[in-house]
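To start, the structure under review is shown below, and the notes come after it.
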Amino acid sequence: RAGPWETVVDVDGPLLSELEAAYALCKPNAPELAAATGRSVEDLDSAIAAAKELQRTGFDRVVASLGADGAVLVTDDEVLHEPAIDCDVVDTVGAGDALLSGLLAASDAGADDAVALQTGVVAATAAVSTPGTDVPSLPEPSGDGVEPV
């Protein structure tokens, strides 16, 4: 409400359910999505249903990180799912932050939602495949493999 910019939120589920303004995007993980909606989130279909419900409460887009199930992006017009990339998981700390930063960076660069979501999953994969706080290198996303759900 303070200015002409879009606001993105990445907060825990109980706080997410209390937000009352309109936001450009939120990025819950599965437990946060469940807490924010009061729904059980145990598979891709239930995650999509909960993300759609949350999106209708005042978010232009909801991107939900789902661990081994990848991530979903829900907008007014579409639902996209990007599967997780098979990798050796070394450390999951920061995976959601990497997903969000990859998605936002790609969106800011003009990528469509499918490429932005894929970029986020690639960034999250690099994060979980890298020990500690080392900075991973990232391949260029192609947009292939992302499918409307």
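Karplus-based coupling profile of the stretch 51-59, in residue order and whole Hz: 5, 5, 4, 5, 4, 5, 7, x, 10, with θ = phi - 60° in 6.51 cos²θ - 1.76 cosθ + 1.60 and x standing for Gly or Pro.
Order of 112-120, 64-72 by packing, highest average Cβ count within 10 Å first? Spell out each step's value before the answer.
On the way: 112-120: 23.6, 64-72: 21.2.
Ranked by mean Cβ neighbours within 10 Å, highest first: 112-120, 64-72.
Charged side chains reduced to their Cβ positions (Lys and Arg at +1, Asp and Glu at -1) give the chain a dipole of some 380 debye around its Cα centre.
Send over a whole-number figure in Å² for the accessible area per residue of the chain, probe 1.4 Å. Heavy-atom accessible area per residue stands at 54 Å². Computed over every Cα-Cα pair of the stretch 27-95 and binned at 5 Å starting from 0, the pair-distance distribution P(r) comes out as 3, 18, 30, 23, 15, 7, 3, 0 percent.
Of the solvent-accessible surface of the chain, computed with a 1.4 Å probe over protein heavy atoms with every protein chain present, carbon and sulfur atoms account for 49 percent. Exposed loop sites are taken as GluC sites (Glu not before Pro) in a DSSP loop (any state but H, G, I, E or B) with at most 13 other beta carbon atoms within 10 Å; the longest stretch of the chain without one runs 79-149. Remark: the ALA49-GLU18 segment gains 9.3 nm on full extension, using 0.36 nm per residue and subtracting the alpha carbon distance. Exposure here means at most 14 other Cβ atoms within 10 Å; with trypsin sites (Lys or Arg not before Pro) in a DSSP loop as sites, the longest stretch of the chain lacking them is 57-149. Note on the chain: along the principal axes its Cα atoms extend 38, 34, 30 Å, ordered by decreasing extent.
Among DSSP beta bridges lying fully in the chain, give the percent that are antiparallel, nearest 5.
If we restrict to bridges inside the chain, about 60 percent are antiparallel.
Roughly how tilted is helix 95-108, in degrees to the nearest 10 and between 0 and 90, from the longest Cα axis of the chain? Taking the Cα atoms of the chain, the angle to 95-108 is about 80 degrees.
The values are calculated or read from the model by the stated rules, or taken from the named source; none is laboratory data. Bear in mind that the values here come from a model prediction, so they are computed numbers and not experimental data. No Cβ is skipped: glycine too gets one built from the backbone with ideal geometry, and neighbour counts run over all protein chains shown. With ligands, DNA and RNA removed, areas are computed over all heavy atoms of the protein, side chains included. Shrake-Rupley method; radii C 1.70, N 1.55, O 1.52, S 1.80 Å.
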